[in-house]
1. Label points 7 Å out from Cα along the Cβ direction at F5 and A320: separation in nm?
2. Classify segment 280-366: rounded, prolate or oblate, from the alpha-carbon gyration tensor (a ≥ b ≥ c, eigenvalue square roots; a/c under 1.5 rounded; otherwise prolate if a/b is larger than b/c)?
3. Any idea what the relative contact order of the chain is, in percent, if you count C-alpha pairs under 8 Å spaced at least 6 apart?
4. At 1.4 Å probe radius, can you tell me the per residue accessible area of segment 112-238 in Å²?
5. How many percent of all Cα-Cα pairs in segment 1-110 sit more than 16 Å apart?
6. Could you work out the Kirkwood radius for segment 246-301, taking every pair of different alpha carbons, averaging 1/r and inverting it, reported in Å?
7. What percent do you get for the relative contact order of segment 34-187 when only Cα pairs under 8 Å and 6+ apart count?
8. Can you pull out the chymotrypsin sites (Phe, Trp or Tyr not before Pro) in segment 211-274 whose DSSP state is coil and whose Cβ has at most 10 other Cβ atoms within 10 Å?
Amino acid sequence: MPIPFLDLKAQYAAIKPEIDAAMQQVVDNTAFAGGPFVKAFEQEFARFCNTQHCIGVNSGTAALELLLRAYGIGAGDEVITVANSFFASAEAISLAGAIPVLVDCREDDALMDTDALHAAVTPRTKAIIPVHLYGQCADMDPIMSIAAAHNLMVIEDACQAHGARYNGVMAGSIGHSAAFSFYPGKNLGAYGEGGAVTTNDAVIADHVRMLREHGSAQKYIHTVVGRNDRMDGIQGAVLSVKLHYLEAWNTRRRAIAQRYRELLADVPAVRFMTQHAGRDHVYHLCVIRVPDRDRVQSELRSKGIDTMIHYPVPIHLQKAYAGRWSPGDFPVAEALSAGILSLPMYAELTDAQIDDVCAALRSVVG
Ligand SMILES: *Cc1c(COP(=O)(O)O)cnc(C)c1O
């Protein structure tokens, strides 16, 4: 039996009656755009993240962009993020009209290099977007210290880190604000697009709420030019159901990662990313490094095992930013992109499937 990288159908099968009922309720109430189901989810997710406010929007990218705009960050302002993230971490900065400044990551954990961050701060820097990549929090203590020293806002990109903790503190409540994505494949995934902002800052929360709704706090009265970035009612209802399972799913993801680590511990060609003490990694992705990665990936595929690469092209080498950076600017991100491989990871993955992935990997890495 082939082993997919992700199996959303298995998850749906496990909770189908609840999901179907939740979606039907939205249709029965014709509460399609924003509305009571979104509001209920916002309250539940704020409680989960231990923040005072949650604002549901229609993507993680929108959450990042609206936050930057709510802080008044735009033309001429620099915002620092990492070269090895999903493209949207930088794209949102560009969408807000600001200048993305990238820094490299560390080789052992693929997270933001805080020395490089320190060196990248200029008088024009306004904010830092640390990325909790693969489900593990960035080094938030040093990042918050650097931000405090230079009066910068810290917007956590928690799009891969629903439920992760840093020294016991929930992702989404560590910085000044945070952006989450509920893209279907994320640890907490909608049945379509979705995202959210979390913060304890009431002014920023109100501003984001206004921006997501055409710059309007009162119907047909528009204070600023905003966007239409509301969350769909169906997504709010689905996310409320799934939020109840998130901790259990994250626990299972951790156990899966542990099993991968144990079964492959004696295979020196397979190296895992460092898992830091004091951080509850939620394993959005289980990423390894192997020599001859492309061959390993294609041989696994021929054995029916699906893997992915997160990400094959670092942000600074994307065509969208041609001319802005050059190859060699962020050598660690470049080296990682050539050797990383993401193993199948989803809560419904069975121990037998994990064993099969490991046996196949063992045979192909040689
Ligand atoms: C998924 C993701 C985003 C963007 O979220 P969308 O909902 O797809 O817009 C941003 N940053 C990171 C790190 C992500 O993984």
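The values are calculated or read from the model by the stated rules, or taken from the named source; none is laboratory data. Computed from a predicted structure; not experimentally measured. We place every Cβ from the backbone using ideal geometry, glycine too, and count neighbours over all the protein chains shown. Accessible surface areas use protein heavy atoms only, side chains included; no ligands, DNA or RNA. Shrake-Rupley method; radii C 1.70, N 1.55, O 1.52, S 1.80 Å.
1. 1.8 nm
2. Values: a/c = 2.71, a/b = 1.86, b/c = 1.46.
Verdict is prolate for segment 280-366.
3. Computed over the chain, the figure is 22 percent.
4. Here the per-residue accessible area is 37 Å².
5. Working: 4434 of 5995 pairs.
Counting pairs separated by more than 16 Å, the tail of P(r) holds 74 percent.
6. Details: mean 1/r = 0.0792 Å⁻¹.
After inverting the pairwise mean of 1/r, the radius is 12.6 Å.
7. Working: 283 pairs, mean separation 33.7, N = 154.
Once divided by the residue count of segment 34-187, the mean separation gives 22 percent.
8. Taking segment 211-274 and a limit of 10 other Cβ atoms within 10 Å, the loop chymotrypsin sites (Phe, Trp or Tyr not before Pro) found are Y220.
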